[in-house]
Amino acid sequence: MQYRTAFLFDVLATAFITTIEFGSLALIFQRFQNIAGWTLAEVAFLYGMIAVAFGTMDMLFSGFDPQFFGQQVRRGSFDQLLLRPVDITVQVLGSEFIMRRLGRIFQGLAIFIFALIMLKLQWTPEKVLYLPVVYISQVLFFGGLFIIGATISFWTVESLEAVNIFTYGGNEMMSYPMHIYPKWMVRFFTFIIPAIFMNYFPALYFMDKPDPFNMPPIVHFLAPIAGLSVMLVALVFWRYGIRHYQSTGT
């Protein structure tokens, strides 16, 4: 914030990227009208929710970003953190805080508000209370994936591009209705990585849309369980990695 103009341009650039992405999507809808029966406003609901949550996570968990954390391990600066009398998880969490992600958060919020205006949803007290729960669950879910990716850096030193498939790639995938994907992919992101419970099923509940997978109604409310489970697994894996960490010697 000491360089306010640079910070402002960073925020605007981040927001501009999200705007271009959604603008391209809007052009597709102008040509084809819908994607697997979902209108632009319905997809915008998914897109906006996940953009806000992922942007928040990317700002709060930047210290665990596998690409950034892998550099710390390779350069030996992670060793310095281990010498300090503060919990290592807290140190890594506070080591990086990228405020320019506010651009993505604000733009995602604008897209989400656009969806709400266009859809005119029937809100109930239960839906109003569940919405922030889904948001927090998504932040925990993606944060957990970042922590897992950072932990893998202990053994690979360099961050694995495969991790980005589940973080940044997962963010893109969850921005669209899950029933457009091949069955094997849907099964993987249901039973292996529970991404389908984070955005798709809650969106069906909020928009009162039928479930094409004919799953039990309880799946609409599994977002907090799935998000917390991924975070807990990630923290256990992180502690395991810390116990078996060997310095690169740099």
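The values are calculated or read from the model by the stated rules, or taken from the named source; none is laboratory data. It should be emphasised that the depicted structure is a prediction, and the values quoted were computed from it without experimental measurement. Cβ sites come from the backbone with ideal geometry, for glycine too, and all protein chains shown count toward neighbours.
Structural remarks
- Leading residue by the ranking (surrounded by the fewest Cβ atoms within 10 Å (Cβ to Cβ)) among those in the range 1-51 that are touching a Lys or Arg at 6+ places or on another chain (Cβ under 8 Å) and under 18 Å from Y200 (Cβ atoms): E42
Listed here are the residues, each with its yes/no results for (1) among the acidic types (D, E); (2) within 16 Å of the chain's Cα centre (by Cα); (3) at pLDDT below 95.
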site	(1), (2), (3)
W155	no, no, yes
H179	no, no, yes
A203	no, yes, no
F221	no, no, no
S229	no, yes, no
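- When each of F221, F206 is tested for being farther than 29 Å from T151 by Cα, touching a Lys or Arg at 6+ places or on another chain (Cβ under 9 Å) and of a type outside the set (A, V, I, L, M), the lone residue that passes is F206.
- Residues of the range 172-203 satisfying the condition of being among the aliphatic types (A, V, I, L, M) and surrounded by fewer than 21 Cβ atoms within 10 Å (Cβ to Cβ): M173, I180, M185, V186, I192, I193
- Exactly one residue out of E21, E42 is modelled with pLDDT of 90 or more and out of contact with any Gly (no Cβ under 8 Å at 6 or more places or on another chain), and it is E42.
- Residue tally, condition more than 10 Å from the chain's Cα centre (by Cα) and buried (at least 22 other Cβ atoms within 10 Å of the Cβ), over the range 122-147: 2
- Residue satisfying all of: in the range 157-175; in contact (Cβ under 8 Å) with a residue 60 or more places away in the chain and more than 15 Å from A53 (Cβ to Cβ); farthest from the chain's Cα centre (by Cα) among these: V157
- Every listed requirement among (1) in contact (Cβ under 8 Å) with a residue 60 or more places away in the chain; (2) among the hydrophobic types (A, V, I, L, M, F, W, C); (3) more than 20 Å from I105 (Cβ to Cβ) is met by F197 save one, (1).
- Residue that is nearest to I113 (Cα to Cα) [pool: residues in the range 52-72 that are hydrophobic (A, V, I, L, M, F, W, C) and crowded, with 23+ Cβ neighbours inside 10 Å]: A53
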